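One structure is given here, and the rest of the page talks about it.
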Amino acid sequence: MDAKLFDGLVRASKAAHVAMCEQGFTTVPHVYVVDQGQLVARVQVRPMHVGEDALSALGEMSTLVAAAEADELLFVWETHDIAVACNLVPLGVWPCLNALVATAAGHVLHQFPYAEARAGVLPDGRASVKPLWKMPLRPVPGAELFPPVQGVVDYAFVPFEGTAAGQVRAAAAYLESEGYTVNFFEPA
């Protein structure tokens, strides 16, 4: 993935995170599917329950990467959000928005820590916060990953069992039927 595409996707993810935090939520974990330097699709995790369901939901996102036979992915998540969803102790820096670039040969973790400034209380009682971005941490090749994040990487590059013609659309249809949000991007 070239720097221009990476920077654009990170900028979009950070902007979405800010908007979500202002509404009392956090970024929904999502995977960008990239093949030969071209953005193919994006899959956003389905609504999930804490525990095993969250682990399954996160891992299933890799289905679209495998079906597309893509050579790269960018997985974006918030550290504390995934830890809570999967009943894990937060690994690494938090609060932090993470962007993992992965191929079958390895991965590089990019971390964007922030402080939370309380922006107010929403009518339903949720706290509205404003992320105050800190200096990004140095990218870490081969970084230790949360088990659910490692699962996304591990399954993304396993050959997909399906017919070549239409397998990406079939995988997308399956994911959408399960509650995931899937978006495709037209080649530039």
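Here, each number is a calculation from the coordinates, and none is a lab measurement. The structure presented is a predicted model; accordingly, all values stated were derived computationally and were not measured. We place every Cβ from the backbone using ideal geometry, glycine too, and count neighbours over all the protein chains shown.
In this simple spin-label approximation, D71 and D154 carry label points 7 Å from Cα along the Cα→Cβ vector, and these lie 2.6 nm apart.
Where the only charges are on Cβ atoms (+1 Lys, Arg; -1 Asp, Glu), what is the dipole of the stretch 3-184 about its Cα centre, to the nearest 20 debye?
Values: 11 positive and 18 negative charges, 155 e Å.
So the magnitude is around 740 debye.
Arranged from fewest to most other beta-carbon atoms within 10 Å of their beta carbon, V149, V121 become V121, V149.
Qualifying trypsin sites (Lys or Arg not before Pro) in the stretch 83-139, where qualification requires a DSSP coil assignment and no more than 14 other C-beta atoms within 10 Å, comprise R126, K134. From least to most packed, judged by other beta carbons within 10 angstrom and beginning with the fewest, V129, V108, V31 follow the order V108, V129, V31.
Tell me the net charge near V33. Cut-off is 12 Å between Cβ atoms, V33 excluded, with +1 for each Lys or Arg and -1 for each Asp or Glu.
Once all neighbours under 12 Å are counted, the net charge is -3.
Fewest-first ordering of S62, S177 by other beta carbons within 10 Å of each residue's beta carbon gives S177, S62.
Run through all the Cα pairs of the stretch 16-175 and give the fraction in each 5 Å bin from 0, expressed as whole percent. Going from the shortest bin to the longest, the percentages are 2, 9, 17, 20, 20, 15, 9, 5, 2, 1, 0.
Given the rule -39500 (n - 2.57) for each run of at least 4 DSSP H residues, summed and divided by the residues of the chain, what is its mean residue ellipticity at 222 nm, to the nearest 500 deg cm²/dmol? Can you show the working numbers first?
Details: 6 runs with 63 residues, N = 188.
Calculated at 222 nm, the ellipticity per residue is -10000 deg cm²/dmol.
Computed from Cα atoms, the angle from the helix 147-156 axis to the main principal axis of the chain rounds to 30 degrees.
Roughly what angle does helix 167-177 make with the longest principal axis of the chain, taking Cα atoms, 0 to 90 degrees, to the nearest 10? Roughly 40 degrees between the two axes. Remark: spin-label model distance A104-V140 equals 2.7 nm, labels positioned 7 Å along the Cα→Cβ axis. When the chain is treated as a GNM with alpha-carbon contacts under 10 Å, the residue of C96, C86, C21 showing the greatest mean-square fluctuation is C21. Approximating the spin labels as points 7 Å out from Cα along Cα→Cβ, the V18-to-L122 distance works out to 1.8 nm.
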